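Heads up: the structure comes next, in structure tokens.
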Amino acid sequence: MFTMAEPPIFGIDNIEKEIRMMSRNSTTHQWKSPTDEIFKIELPPTVYPPREDTDLMAREIVKLGPGKGRKCLEIGCGSGVLSILASRQGWKVTACDINPFAVACTKGIAKENFSDISVHEGGPSPKIDGEVSQWTGGNKFDLVFWNLPYLKPDPKLTETLGPLEEAALLDTDASGLFERILNLMKNDILTDSGVALFVVSSQNLDLRPEHKCISKGFASRVISKLSFDDGEELRVIAVWKPFNNAKRIFLEQASSTNTELLDSNYPTGSSICTPKQTTGHGRRGRDWIDAEQSFAGSWRLFNSIPRFEPGFMQILAGICVKESILALTSKGSDDEILIKWPNDLLVHNSSRWKKVCGILAESRTSGENTSVVLGIGINLSGTESTGHDFEMGFLESFSENIEFEDLRVAIDASLASYFEQKDLISNTHVEELLERINIEIRKSIYYLKEPLYRNKQVSFKSILNDGRMKVIDRNGEIITIDDGESLEWGKVS
């Protein structure tokens, strides 16, 4: 994607070029939907035809199932075929585009296919151009979808597309159109239970859509991918407001956030957060010692049969906390935060790795249901202490600009991205999560060096889907370890 610091001015040369482009004849295209319906489209010269990203989004719209009259918004409708498809699936569709010829094209195909679609000119823009209601009709939507602009400048395109369509295909927003639409989705566009789908391209390395979602308080999940021979990858990312029915409780002081949440009957996704725990605890019932300034939070992840084993949850939650921290700061590197198996996070400070976060999954069973809560304790700032395998570290050494509430919102969104079972959106496969976990643990062992197990040097092999670690000793014997205290980490630099 090509991003410019300032949007180009649409001047007289652009207008003349648009007129020249429009003097060409329209072209006829056929598009086959995932439901095998064939649409005939008469495209004006400056309207881009359906292509691979259209097909990718179309398949995900069909996977959502019947719309049942719920409201849907397509941004950047172009030819209009996706809006027609959504209408065929039972959604009540509103469509918009900044290109007036795309608006006309969508209205035409809707009329030809007897689809009742409301079409408006406009959309998210780096310049204020009327109210949001101008292109949404003043509604909030249960489904929003947009094939985000991602094409690179190409001389061939400039010969075939007019300036209006170039503006629709290239992100000229200094803040980024993805961030702009996230801001609008908070209050103006998306219902509390709604879902948004975006096509994003690997061409834009700076987009970091998952991090942008987390920093804005949105959960996200990659639900589909399409790879090309040149290495480009298109992804469909589902975005939603996390844990819609959950309770979010802040306490000035709490005994133990895990215990208080287990004692409650709050729904899945509910959380209790506090800067001070009086009787917090870690693994094996050990006391959790708060730093001078701390973050302690617990989330109820399951109220029935859990999808994951506790050990697996703790490592996955470590990834969530790491992503939250990285999403909230432009400073620092992915390699400056490590996940130490089985439940700690380390930050690099003063040439040493120091423990900044501990994670504890606990459960309680009643009848056939098992309630699982996940506790996260983070040292924000304070005085260093020793006496453990790793010194106490503090988040302020990584970034001084992360506030308590921002951290709560980001972790809430990140946990939902992996753990929430969201209507319309499929769960991430355990195999994909396990691959991500093993990448993180291998990275940690690269920096921490291979550990000792019962005074013997061992090499990391893999993390299993129950959270246990598989290692191999120098005699080739494979050992499965379920307790991190069985490992001794060597001197690290």
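The values are calculated or read from the model by the stated rules, or taken from the named source; none is laboratory data. In this text the structure is predicted, and so the values were computed from the model without any measurement. Quick reminder, even Gly has a Cβ in these numbers, built from the backbone with ideal geometry, and neighbours come from all protein chains shown.
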Revision key, fill the gap. Conditions (1) within 24 Å of residue 420 (Cα to Cα); (2) at pLDDT 90 or above; (3) surrounded by fewer than 22 Cβ atoms within 10 Å (Cβ to Cβ) -> residue 226 fails only (1)
Review point. Does residue 442 qualify as being out of contact with any helix residue (DSSP H, G or I) (no Cβ under 8 Å at 6 or more places or on another chain) and within 17 Å of residue 341 (Cβ to Cβ)?
Key: yes
Revision key, fill the gap. Of those in segment 211-247 that are assigned to a strand (DSSP E or B), within 16 Å of residue 143 (Cα to Cα) and not β-branched (Val, Ile, Thr), the residue nearest to the chain's Cα centre (by Cα) is 220
Point to revise | Long-range neighbours under 8 Å by Cβ, at least six apart or interchain, first residue in contact (Cβ under 8 Å) with a residue 60 or more places away in the chain within segment 177-198, second of a type in the set (Phe, Trp, Tyr) and outside any strand (DSSP E or B) | key: none
Check your understanding: Which condition number does residue 459 fail, the rest of (1) assigned by TED's automatic domain parsing to the domain that holds residue 295; (2) more than 30 Å from residue 143 (Cα to Cα); (3) in contact with a strand residue (DSSP E or B) (Cβ under 6 Å, 6 or more places away or on another chain) being met?
Key -> (1)
Practice item. Would you please list the contacts, defined by Cβ atoms under 6 Å and residues six or more apart or on different chains, that run from a residue in segment 82-101 that is not assigned by TED's automatic domain parsing to the domain that holds residue 194 to a residue that is surrounded by fewer than 19 Cβ atoms within 10 Å (Cβ to Cβ) and in a strand (DSSP E or B)? Key: none
Practice item. Mind listing whichever residues of segment 162-203 are at pLDDT 50 or above and part of a loop (DSSP other than H, G, I, E, B)? Key: 162, 175, 176, 202, 203
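Among the helices (runs of 4 or more DSSP H) confined wholly to segment 1-105, which include 2 or more residues that are modelled with pLDDT under 90? First the steps, then the outcome.
On the way: elements: 12-22, 52-63, 81-88.
Passing ranges, in order: 12-22.
Of the residues in segment 102-138, how many are among the polar types (S, T, N, Q), closer than 18 Å to residue 33 by Cα and in contact (Cβ under 8 Å) with a residue 40 or more places away in the chain? Let's see the steps before the verdict.
The initial filter retains those residues of segment 102-138 that are among the polar types (S, T, N, Q), namely 106, 113, 115, 118, 125, 133-134, 136.
From the residues that got through so far, the ones that are closer than 18 Å to residue 33 by Cα too are 106, 113, 115.
This time we only want the ones that are in contact (Cβ under 8 Å) with a residue 40 or more places away in the chain, so: 113.
Count: 1.
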